[in-house]
Structure formats: structure tokens, C-alpha cells
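Enquirer: Shown below is the structure under consideration.
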Amino acid sequence: MTLKMKSIYILIFFTITLLLVSSCSTETIEINELVENIETVEPTESIDFTTSDFTPATGESPNAKPLTEKEEDPGALRLITATSSNGFDWTRTNEEFIDRVGAPEAVIDSEGRIFLYYVSGTEGLENIWVASVSEDQGETWVHKFVNVEGKPEGGKIADTTTILLEDGTFRSYFQSQFPGDKHNFIRSAVSSDGLNFVIEDGIRITELDNGNMAIAPNVLQIEDTIHLYTLYAAGSQGKQNMHFTSKNGLDFQQQAAVNANLVFANSQQINDQHVTYGFYIQEGHQQHRSSLYYTTTKDGYEFTEPVLMLEEDKELSNNLEEFMLKEPVVIQLEDESFLMFYLTGFSD
């Protein structure tokens, strides 16, 4: 090979090398710019759990329908509390808590925050899903709106029941009726912060095997199985709790009904027992004369005979239990004591 040819090859080699280096430098600059852009993106604004979005009204709503008309009007109901060292024996606090509340339920997140969900009966906020949140184990509370992405205009959500998944995600099951639905369906929604939910695709329960629609769900998780109990619109009144199970929390199969003579309201694991709290409808009084009970289960299929916790006491000096007790909601605090919220009516 001549000296001239060698020089040409050397020139070509250096030219190619220079082009490659230039290309790599450009890519490096582009990658660095991308990283810088990612680092400078502002994080999503965190929720302020120190201030309230609204103030619950006090006293009975002047617009509330009388409970004696068999209405479930949150404006005619109030939420009061009781405490316990073991989750079974209760002492009333005899203190007012939140007025104009319907369908309460509660969950504690991975940070120890208590989320008490309910349907509001405050004027201007009637029948919307809200939450009272405590960061100090129930000592103080803020009241927040719950946002639901995917709920259509005119869609209704009620009777929520929420669990915390292993990764800290909130999953709520609820009774719903959206435009186009032939009747109430049980749907679900998930949230990473407990206040901003996104409705999941599909319907969890369309209807019961007997053709009735399922209402008022209550969820209980035992190991890897989700148990969902509902009433049915034809008037089960707690004689039977319809029973569904799922492994993934989305696809449910109907099981034999649970005959507990108790309206299931809320469930809690206490040591090795799964405890379900509810209320018993006294014969001849429909839903307006009821007391609070608990029952236990090991497998979600068979339950023990209900045990009385609290019954209506009209002799209380502050008249907090003027009319019925129902829908107990129990949470366990960090000191291993228990706090119960329950509903009572304003008048007989």
C-alpha cells in the first residue's frame, strides 16, 4: 500500500471518530437536559390536613325528613362516640361529635391518620361524600371533601366501605347509581391519599342471584380473600347479609347468605378474631328501634351469635340518644384502645 493510500485511510478513520464523538456529546447533552427537567418538575401539591374544607352544621336540619317516615336522611342523624380497652365492652363519652351524618365508615392509613367517611347532611352539601380526618388519634379533626374522578354528572355514591391494601392504596366499595344504570350497582374506587379517588373499571356486583339489587356493602378481608356483605333492596333488614368473595378485590362470586340477625356495618381484626359490628332491628319497630351488637368469625362464612354492646338509653342527661342506635364503626388506636362512632336520631 502506498503512503498516499495510508494517509487517505488515516484521514477517513479520524473523520469517522470525530463524528462519533460529536454524536455522543450531543446525546449526552440531551440526556442531561432531560434529567435536569425531571429534577426541576414541581411535586404534586400535598394535602393540607391542618385546615377544613367545610364546617359541619350543628343540630337537626330543618329540611330533614322525619325518621319515622322510614327515611335515611343524614340531616336527621348525628354521630356520637364510645371507647373501649378491648373492642367488646364500651363506655359512652356522652359528648356530641358530628351532626347531620349518614352511612359512616372509617379506615386508618399507613401514617396513622384516621379517615372517617360519611354522607353529609349539611345545607348545600347534602348527600355528598366527605371525610373527617385526624392526625392525632382522634383528638382533633379537619373536615375534607372527597373527590371522585370518573363519577358522571348526576351519578350517586352512598354507603362506602373502605380497606387499605398492602401498598397503602385505599380501595372503597360503594352503592352507586349512574345515568343509564337500571338500578343500584356496587362499584369500587381507589386512592393514594384517601381523598382523591378514581373509579375502577367495571362493576363489582350487578345484582343478586335472586334478581334483587345489592345495597349497603361492608367489606372484611381475611388472609387473601375479600369478603363483601350487602343487604338487598327488597328489605332484608339484617335477617340476611348477602355474601360475596374475591381473591383480587375486583371479581366477586356470590356465596350462601349469612343469617346473623344483624345488619353488618363495620369489621375489625382483634388479635386472632375477625369482629363484625352491626345493629339489630327490634321486632315491630322497623329500623327505628335498634341496638348495637358484635359477632365474630374465623373464616368469613360462619358467625357467632350476636352479643349486645350498647342499647338505646333515653335517660342520658344530654339527650344524645333520643332515638335509636345504628351503624357502629370501630377503629383501633395506636395505644391499642378502641374508638367507636355510631349514629343516633335527633327525635322520636
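Enquirer: Do you know which residues across segment 67-100 are within 16 Å of SER290 (Cβ to Cβ) and of a type in the set (Val, Ile, Thr)?
Expert: Within segment 67-100, THR68, ILE80 meet the criteria.
Enquirer: Looking at segment 245-253, is at least one residue at pLDDT 95 or above, closer than 24 Å to ARG171 by Cβ and of a type in the set (D, E, K, R)? Write out each step before concluding.
Expert: Step one: list which residues in segment 245-253 are at pLDDT 95 or above, which gives 245-253.
Next, only the ones that are closer than 24 Å to ARG171 by Cβ stay: 245-253.
Going one step further and asking which of them are of a type in the set (D, E, K, R), we end up with 247, 251.
There is at least one residue in segment 245-253 that is at pLDDT 95 or above, closer than 24 Å to ARG171 by Cβ and of a type in the set (D, E, K, R).
Enquirer: OK, next. Please specify each residue of segment 61-88 satisfying the condition of being of a type in the set (Asp, Glu) and within 25 Å of the chain's Cα centre (by Cα).
Expert: GLU71, GLU72, ASP73, listed by residue number.
Enquirer: Given the conditions (1) surrounded by 17 or more Cβ atoms within 10 Å (Cβ to Cβ); (2) within 17 Å of the chain's Cα centre (by Cα); (3) among the small types (Gly, Ala, Ser); (4) modelled with pLDDT under 95, and given that GLY121 satisfies all but one, which numbered condition is not satisfied?
Expert: (2)
Enquirer: In segment 165-179, how many residues are of a type outside the set (Gly, Ala, Ser) and under 14 Å from SER110 (Cα atoms)? Spell out the reasoning first.
Expert: Filtering segment 165-179 down to residues of a type outside the set (Gly, Ala, Ser) leaves 165-167, 169-171, 173-175, 177-179.
Of the ones still in play, those that are also under 14 Å from SER110 (Cα atoms) are 165-167, 169-171.
Of the residues in segment 165-179, 6 are of a type outside the set (Gly, Ala, Ser) and under 14 Å from SER110 (Cα atoms).
Enquirer: Checking the structure you have, find out if any residue of segment 81-104 is part of a loop (DSSP other than H, G, I, E, B) and β-branched (Val, Ile, Thr).
Expert: Of segment 81-104, the ones part of a loop (DSSP other than H, G, I, E, B) are 85-90, 100.
Then keep just the ones that are β-branched (Val, Ile, Thr); that gives none.
No, segment 81-104 has no match at all.
Enquirer: Scan segment 153-173 and give yes if some residue there is surrounded by 15 or more Cβ atoms within 10 Å (Cβ to Cβ), modelled with pLDDT under 90 and out of contact with any His (no Cβ under 8 Å at 6 or more places or on another chain), otherwise no.
Expert: no
Enquirer: Among the acidic types (Asp, Glu), buried (at least 17 other Cβ atoms within 10 Å of the Cβ) and at pLDDT below 95, is that true of GLU126? Lay out the reasoning, then the answer.
Expert: Details: among the acidic types (Asp, Glu): yes; buried (at least 17 other Cβ atoms within 10 Å of the Cβ): yes; at pLDDT below 95: yes.
Answer is yes for this residue.
Enquirer: Could you look through segment 47-75, keep only residues that are within 30 Å of ASN196 (Cβ to Cβ) and in contact with a helix residue (DSSP H, G or I) (Cβ under 8 Å, 6 or more places away or on another chain), and pick out the one that is surrounded by the fewest Cβ atoms within 10 Å (Cβ to Cβ)?
Expert: ASN63
Enquirer: Does LEU220 satisfy the criteria of being closer than 13 Å to PHE244 by Cα and buried (at least 19 other Cβ atoms within 10 Å of the Cβ)?
Expert: yes
Enquirer: Do we find a residue being in contact (Cβ under 8 Å) with a residue 60 or more places away in the chain and not aliphatic (A, V, I, L, M) anywhere in segment 225-234?
Expert: yes
Enquirer: Among (1) touching a residue at least 12 places away in the same chain (Cβ under 8 Å); (2) closer than 22 Å to ALA76 by Cα, where does GLU200 come up short?
Expert: Only one criterion is unmet by GLU200, namely (2).
Enquirer: Okay, next question. Taking into account only those residues within segment 284-328 that are of a type in the set (Gly, Ala, Ser) and at pLDDT below 90, which is farthest from LEU343 (Cα to Cα)?
Expert: For segment 284-328, the residue satisfying everything is GLY284.
Enquirer: Another one. Just to be sure before I move on: is VAL146 within 15 Å of the chain's Cα centre (by Cα), crowded, with 21+ Cβ neighbours inside 10 Å and in contact (Cβ under 8 Å) with a residue 40 or more places away in the chain in the structure I sent?
Expert: Yes.
Enquirer: Determine, yes or no, whether SER132 is more than 30 Å from GLU312 (Cβ to Cβ), among the hydroxyl-bearing types (Ser, Thr, Tyr) and assigned to a strand (DSSP E or B). Walk me through how you get there before you give the answer.
Expert: Values: more than 30 Å from GLU312 (Cβ to Cβ): no; among the hydroxyl-bearing types (Ser, Thr, Tyr): yes; assigned to a strand (DSSP E or B): yes.
It is false that SER132 is more than 30 Å from GLU312 (Cβ to Cβ), among the hydroxyl-bearing types (Ser, Thr, Tyr) and assigned to a strand (DSSP E or B).
Enquirer: Quick one: would you say SER176 is over 26 Å from GLU207 (Cβ atoms), among the hydroxyl-bearing types (Ser, Thr, Tyr) and assigned to a strand (DSSP E or B)?
Expert: no
The values are calculated or read from the model by the stated rules, or taken from the named source; none is laboratory data. Nothing here was measured: the structure is a model prediction, and the numbers come from that model. Neighbour counts run over all protein chains shown; Cβ positions are idealised from the backbone, glycine included.
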